[in-house]
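One structure is given here, and the rest of the page talks about it.
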Amino acid sequence: MNKDLILLGHGSGGRLSHQLLDELIIPALSGVAPSGQNDAALLDNPGGRLAYTTDSYVVDPIFFPGGNIGDLAVNGTVNDLAMMGATPLWLSVGLILEEGFSRGELARILASMRSAADRAGVAIVTGDTKVVPRGKADRIFINTSGIGRLDHPHPIHGANARPGDRIIVSGTVGDHGIAVMASREGLELETDIVSDCAPLSGMVRDLLAAVGGGVHVLRDPTRGGVATTLKEIASQSGVVMLLKEESLPVKEGVRGVCSILGLDPLYVANEGKMLVVVSPEVAGKALELLRSHPLGRDAAIIGEVSGEGNGKISMETLSGGIRGVEMLAGEQLPRIC
């Protein structure tokens, strides 16, 4: 028997299950002693409002330039909490493993999850592991849920964009989607394109401390990219937006791949960038703060909320024309998160 492989017995709830948990999963993620392992985590109530989110990750391939499915799962959930202006506190981790999956690869994924959680200052406090028969999954799926505390009174949500607001993106767009796609397809690229997978909670904390109620909306443009996320915000808020193509930060390597494959960077997924909709009075200060952060050096104002309306978004093109920006109709790049 190959001791490096996950067996159906590892999901039985019996001795093999306990061995997998005690020898690999729990030491890697939390280090909770057997005496502290129960059916639920007991958490001290931090007081005030809480944010709660959940997400599932099915990325293919599970290892890609700049990260893997493990740190993607942690950072993705941390960022969903941060987009409400919440300080991430606790995460749960659910693992769906396919029979025959490598324990060595699982160990690498768990180590990256623990590292990502430590970087974001969040604790992994509970979880679950299931094993399904060979061919009934694709190696590994991960579900993470998160709880965070709101330490501010500001109404930060998708329906809060206002006419006159400026729209900022915290860095270059499309890095994650192109990195995953290039790895999946085995593309030989002349430039190194890596995923932007990273936790945004620290940058959000600094932004709120600096400009507070001037921040109206925060969103991370993951599936569907910048365009789809802005369409969601515009529709929720009942506003129209005008973007400037020349202001959109895109790495030349990403732009080149998109051009070859007929993709639009506006619709390619990101995992370490955020859209910030702020009042015009604080836009300059917000941009300066973002650019001072290691994750926001390429931040740019890419447009504005031009008025009230039905969610329409227009873009001034490089050629000087105007084109409409619509929501992504299907999947440009499936299985990217």
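The values are calculated or read from the model by the stated rules, or taken from the named source; none is laboratory data. Remember, it's a predicted structure, so these values are computed and weren't measured experimentally. Every residue, glycine as well, gets a Cβ built from its backbone with ideal geometry; the counts of neighbours run over all protein chains shown.
Scan segment 187-198 and give yes if some residue there is within 27 Å of Gly311 (Cα to Cα) and modelled with pLDDT of 95 or more, otherwise no.
No, every residue in segment 187-198 fails to be within 27 Å of Gly311 (Cα to Cα) and modelled with pLDDT of 95 or more.
Quick one: is Val276 at pLDDT 95 or above and part of a strand (DSSP E or B)?
yes
Taking segment 140-190 on its own, how many of its residues are of a type in the set (Asp, Glu) and over 27 Å from Leu290 (Cα atoms)?
Total satisfying the criteria: 3.
How many of the residues in segment 299-335 are touching an Asp or Glu at 6+ places or on another chain (Cβ under 7 Å) and farther than 30 Å from Asp138 by Cα?
The qualifying residues number 7.
Are any of the residues in segment 264-282 more than 20 Å from Gly66 (Cβ to Cβ), acidic (Asp, Glu) and more than 21 Å from the chain's Cα centre (by Cα)?
Among the residues of segment 264-282, at least one is more than 20 Å from Gly66 (Cβ to Cβ), acidic (Asp, Glu) and more than 21 Å from the chain's Cα centre (by Cα), which makes the answer yes.
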